[in-house]
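These notes are about the structure you will find just below.
The values are calculated or read from the model by the stated rules, or taken from the named source; none is laboratory data. Given the structure is predicted, the values throughout are model-derived calculations rather than measurements. Here the Cβ positions follow ideal geometry from the backbone for every residue, glycine too, while neighbour counts run over all protein chains shown. Note: accessible area is taken over every heavy atom of the protein model, side chains too, but ligands, DNA and RNA are not part of it. Shrake-Rupley method; radii C 1.70, N 1.55, O 1.52, S 1.80 Å.
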Amino acid sequence: YNPFFRYLRFIYLAELNEIDLNDLFFSSYYLQNQKYFEDKNYRQNMRICENTDQTAAAIRRDDFEFIGTENKKLEANIIERNELLCFGCSLLHYSAFYGSFNCFKKLFESNNDQKSIERMNVTTYSMCGKCYSNRFELTLCDFAACGGNLRICEMIQKEGFQFTSQSLQFAIRYHRREVFEWLINDLSIEMDEKCYKYSFRYEFVPGIEFY
């Protein structure tokens, strides 16, 4: 869920000159996405709720032959409905999120520098917050847990990337049972209070059974 998606109606008000975007707290986000709003296919694209960038689309298909080896950053994109992706992320993070193993492997083998990857960690906002001032950071491990591809998780863990209880929370949220069990049984990551809350909120039975 993209926390700004509910405000997409403002684009129609702007077209009617009924609001001043400079007065809105999300005006900077509007400016970042202005080219998408000005696209003649905007209204159609926003209903698809997926990043229309060709490289992003190739990663979702796991078409590793289409992408290069440079770990570029996908720009912030309000069309992207998911809150973890809508503020932009690297191609490596994006491929991990979608569990696209072939794309991930190609990118990771060419960009396997932990410090450089960590500098590209994603800052996003809580979808349940009453305001969007509370930020938190997402690591490559968190994205891999979301994607649920165990081969990707094992690959980066062997290279020294650290999974945490936050990674476990995302495995729960996206119902990634195989990764959930691996994190608990193989990496001995413990269920914390938030993990239990996520299990009930997202109706993840394996997590509820730990309660």
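Of note:
- Set Lys105/Lys158; Lys40/Lys73; Lys73/Lys105; Lys115/Lys158; Lys40/Lys72 screened for pairs whose C-alpha atoms are more than 22 Å apart: Lys40/Lys73; Lys40/Lys72
- Calculated FRET efficiency, Lys72 to Tyr202, Cβ-Cβ distance, R0 = 35 Å: about 0.65 to the nearest 0.05.
- Taking amide H positions as modeled 1.01 Å from N, with prolines and chain starts lacking one, the residues under 5 Å from Cys89 and 5 or more places away or on another chain are Leu74.
- Cα lying deepest toward the dipole's positive end in the stretch 99-211, options Phe200, Phe170, Val122, charges on Cβ: Val122
- For the stretch 71-211: rounded, prolate or oblate by the Cα gyration tensor [a/c cutoff 1.5]: oblate
- Per-peptide packing, taken as the mean over residues of other Cβ atoms within 10 Å, places 37-49, 155-167 in the sequence 155-167, 37-49 from highest down.
- Of Ser116, Ser188, the order by accessible heavy-atom surface (1.4 Å probe, DNA, RNA and ligands excluded), from most exposed downward, is Ser188, Ser116.
- Accessible surface of the stretch 133-211 [probe 1.4 Å, protein heavy atoms]: carbon and sulfur percent: 42 percent
- Unit charges at the beta carbon, dipole of the stretch 38-105: most positive-side option, Ile67, Leu92, Thr52: Thr52
- Average accessible area per residue (Å²) across the stretch 26-112 - probe 1.4 Å, nucleic acids and ligands excluded: 48 Å²
- Bridgeable lysines around Lys197 (alpha carbons under 28 Å apart, same-chain partners fewer than 8 residues away excluded): Lys130.
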